1. List the lysines whose Cα lies under 25 Å from the Cα of B:LYS137, skipping any in the same chain that are fewer than 8 positions away.
2. With 10 angstrom as the radius, rank A:TYR98, A:TYR477 by how many other C-beta atoms surround their C-beta, starting from the fewest.
3. So for segment A:226-298, Kirkwood radius off the Cα pairs, Stokes-Einstein at 25 °C and 0.890 mPa s: how many µm² s⁻¹?
4. Distance check, please: which entries in B:LYS86/B:LYS192; A:LYS139/A:LYS574; A:LYS81/A:LYS396; A:LYS111/A:LYS460; A:LYS285/B:LYS86; A:LYS146/A:LYS285 exceed 27 angstrom between their Cα atoms?
5. Return the long-range amide H neighbours of A:VAL573 (sequence gap of 5 or more, or a different chain), with a cut-off of under 5 Å between placed amide H atoms.
6. Using unit Cβ charges (K, R positive; D, E negative) and no other charged atoms, how large, in debye to the nearest 20, is the dipole of segment B:135-266 about its Cα centre?
7. May I have the pair-distance distribution P(r) for the protein assembly as shown, computed from all Cα-Cα distances with 20 Å bins from 0 and rounded to whole percent?
8. Could you pull out every one of the aspartates and glutamates with an alpha carbon less than 19 Å from that of A:LYS231, ignoring same-chain neighbours closer than 8 positions?
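No value in this document is a laboratory result; all are computed from the given coordinates. Note that the structure is a prediction, hence the values are computed from the model and not measured. Reconstructed Cβ throughout: ideal geometry from the backbone, glycine too, with neighbour counts over all protein chains shown.
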Amino acid sequence: MIYDWVLGDEAAVKEAFSKAANVVTLELTNNRLVPNAMEPRSAVADYDQAEEHFTLYTTSQNPHVARLVLSAFYNIAPEHKLRVIAPDVGGGFGSKIYVYPEEMVALWASKKVGRPVKWTGDRTEAFITDAHGRDHVTKAEMAFDKDNKIIGLNVKTYANLGAYMSLFSSAVPTYLYATLLSGQYNIPAIHAEIITVYTNTVPVDAYRGAGRPEASYLLERMMETAARQLKLDPGELRRKNFITQFPHQTPVIMAYDIGDFNASLDTAMKAIDYAGFPARKAKAKSEGKLRGIGFSCYIEACGIAPSKAVGSLGAGVGLWESAEVRVNPVGTIEILTGSHSHGQGHETTFAQLVSDRLGVPVSQVQIVHGDTDKVQFGMGTYGSRSIAVGGTAIVKALEKVEAKGKKIAAHLLEASEGDIVIENGEFKVTGTDKSIALPMVALAAYTAHNLPDGMEPGLKETAFYDPSNFTFPAGAYICELEVDPGTGKTSFVNFVAADDFGRLINPMIVEGQVHGGLAQGIGQALLESAIYDGSGQLVTASFMDYAMPRADDLPSFKLNHTSTLCPGNPLGVKGCGEAGAIGASAAVINAITDAIGNNKLEMPATPDRVWHAIHGNA
Amino acid sequence: MYQTTYHRPSTVDEAAALFAKGTEAKYLAGGHTLIPVMKQRLASPSDVIDLASIKELVGIEASGDTLTIKAATPYFDIMQSADVKKSIPAIAYLTSVLGDPAVRHRGTIGGSIANNDPAADFPAALLALGATVKTNKRSIAAHDFFQGLFATALDDGEIITAVSFPIPAKAGYAKMRHPASRFALTGVFVAKTKSGDVRVAATGASSTGVMRVPAIEAALKTNWAAAALDNVKIPANGLLADIHGSADYRANLVKVMAQRAVTAAG
């Protein structure tokens with residue numbers, strides 16, 4: 001054991017259970033996963049003897065944090081003598097947040113031999129060194145009153161952290177897990193005990209969802225199990241317990257700002273034609289197939305995070321974000337963001353933010369990221385934070401640029417500042433045809449021939465934005481599938497998502513994120529599992545044995561969106577990068593257990609396991 | 001990968017001669033087994049002799065009662081071949097569920113049977129159809145050719161030149177794909193000859209590789225129908241057990257895949 005961590009009110013929970021009309025118990029495993037980003041980790045280190053300066057090209061999700069860690073924790077070089085460049089990286093999912101030994105060795109070696117040194121991992125090396133994800137064993141009990149309202153939840157989880165504690169690892173099964181155990185439900189008393197353990201396995205750390213998939217899977221399997229035990233419709237049981245008043249303070253630290261859980265469930269049930277399911281199930285049965293339907297009403301906490309809050313919980317860093325807006329002298333715009341792009345499409349979305357506000361074409365906007373020499377300190381990308389935190393930092397910097405631009409325009413147009421509006425790339429005096437284009441405003445700023453008294457030349461502003469709360473994307477996923485009783489193989493019939501991400505800046509990019517997240521959640525539910533044998537050998541160390549989801553393993557997803565705008569940031573956005581990976585697994589397992597009429601089934605629900613669950617273990 | 005010398009002969013005789021000259025030579029066809037093994041440094045042949053572009057080793061011909069597929073014919077060509085689709089469509093189907101498009105464009109029937117992976121698809125087809133393996137030295141009947149896990153009757157340096165299949169009255173293949181590798185978790189090929197004999201071969205199930213299934217053959221000889229196998233029980237002992245399937249699960253799959261193969265055969 002590493003440590004034994006507790007959250008919640010044990011006494012209140014004990015009391016609730018003593019008064020309960022019904023208790024539902026569930027034991028389950030959250031299977032260990034290997035991230036398998038498309039691009040393996042790689043590093044090129046180059047030491048400049050004359051400048052006594054290191055340059056490191058690396059596959060990092062957070063180059064400034066990497067520089068900080070290499071400098072302050074590992075003494076490779078002082079920060080001002082270390083440049084970290086992480087250009088467009090081929091996927092991370094959390095595994096590239098951490099600083100690994102290989103980049104340190106490459107740096108040391110480049111100085112030792114006086115030549116650039118390169119390392120690239122191969123796929124099996126990625127399997128056995130990139131931080132793994134999940135790996136919990138849990139026993140939980142939920143107490144209900146006679147009206148089927150949840151009155152208490154008790155959770156005990158063993159979390160495997162692997163052989164060593166990786167950078168974020170201790171936060172994942174504690175603050176990112178236990179604080180989500182209220183789910184979408186009004187639960188008055190919760191108690192969670194998490195026991196973390198060392199084992200001779202690859203270290204476990206944040207992986208798409210980081211703690212929230214584990215919480216959501218547990219809760220949503222619990223709710224479906226409870227519905228079956230209490231003989232209630234799974235949708236009805238959830239509705240009875242939904243939180244409907246916001247803001248809502250849960251008993252596990254999180255205070256949800258806004259949401260409408262009935263709206264997403266309504267949308268999902270309509271989209272999948274839930275009313276028509278019994279007829280479809282009967283028809284499938286007549287054709288020899290077992291059909292099932294499963295719900296997952298997830299909520300998660302992302303847009304990480306308020307620095308003071310995480311600091312008080314023991315974090316060593318703050319989780320704000322930075323942005324610099326540079327309007328160039330002839331009007332093109334560079335956005336230097338502390339966020340990092342490794343598959344999220346920031347270049348599109350962030351440019352859109354600028355274009356929407358200033359009315360300039362996106363071709364006039366350049367997003368710059370991933371280089372500690374170019375961009376001011378930023379915390380990088382993970383925890384679905386880039387639009388909520390990184391985007392808001394950009395907005396705050398833009399507001400400063402707009403304010404200065406308006407002052408300059410008002411001065412040049414001899415109008416009052418309050419009468420200036422920005423439209424289609426121009427600063428206009430409202431109600432008149434007097435206007436001046438942004439490039440001219442910029443030129444005026446940089447020539448400084450005629451600026452208001454006391455104004456500094458230039459048109460460039462910075463903002464560091466620290467969020468006041470997490471954001472809380474939530475939604476309902478419903479999965480309909482068929483199980484072949486002869487082989488135990490699962491085939492999807494339909495998969496419907498109704499997500500509330502607040503405002504969507506670019507719907508196509510959101511769709512891509514949801515598809516990817518759902519693929520990973522389904523991968524965990526049906527296919528993926530990192531397995532060790534009794535002697536500590538990773539048996540699944542290549543794609544010959546580790547089943548990655550392929551396009552033909554997945555359904556065509558039907559995505560829907562409801563929206564309650566996030567009150568915590570000016571964009572009203574919540575973030576969407578991890579939701580699919582958080583909510584999908586429970587929907588799949590709930591559907592398979594419904595199809596086969598056996599609630600005892602662990603992930604991954606391979607055909608072998610499902611067949612045994614149908615026919616019994618020989 | 002260790003140092004090696006690569007050769008590209010243009011005839012079978014040239015290939016055989018190169019093999020005899022090398023200290024520890026290996027033949028290369030699609031490369032799906034040899035190359036990964038060399039990359040992992042589990043094999044270090046002195047010479048790699050590429051058979052894939054030897055013209056006399058590529059081609060398909062159906063004439064009379066026999067379908068002949070030359071050894072270095074890639075799976076994709078087999079899958080698309082009008083001769084195969086007409087004479088033994090079950091082989092075209094087998095090839096279409098083998099691996100993935102990338103594998104199908106390089107892998108060869110000769111490579112598959114020379115390797116005799118216990119989960120490969122083609123050994124089941126050869127055994128069930130009673131095929132003959134032709135080499136540059138002799139002809140070997142399928143049941144003599146496959147000799148256990150990764151073992152065949154081939155002598156050192158012997159080159160498979162073609163496989164000839166007697167054309168059956170009915171044949172079918174059904175496969176439960178391994179979710180990761182897409183090899184056969186279990187695959188069953190059933191065939192009924194023109195004279196009414198029934199042969200059934202299963203791959204991916206046994207720890208010694210492709211096997212005949214007498215219990216299923218007997219049931220199908222009496223009644224060529226999936227329902228005839230409803231009460232057949234395949235014993236689990238001797239079958240493979242791993243993280244993807246227990247022995248009793250594979251035993252079940254032998255039966256279920258046989259049923260589906262019979263249905264596919266018509």
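1. B:LYS21, B:LYS26, B:LYS55, B:LYS70
2. If I rank by nearby Cβ atoms, fewest first, I get A:TYR98, A:TYR477.
3. Reported coefficient: 169 µm²/s.
4. Beyond 27 Å: A:LYS139/A:LYS574; A:LYS81/A:LYS396; A:LYS111/A:LYS460; A:LYS285/B:LYS86; A:LYS146/A:LYS285.
5. Result for A:VAL573 returns A:ARG503, A:CYS566.
6. Roughly 480 debye for segment B:135-266.
7. Bins of 20 Å from zero give 13, 37, 33, 15, 2, 0 percent of pairs.
8. List returned: A:GLU141, A:ASP145, A:ASP147, A:GLU220, A:ASP594.
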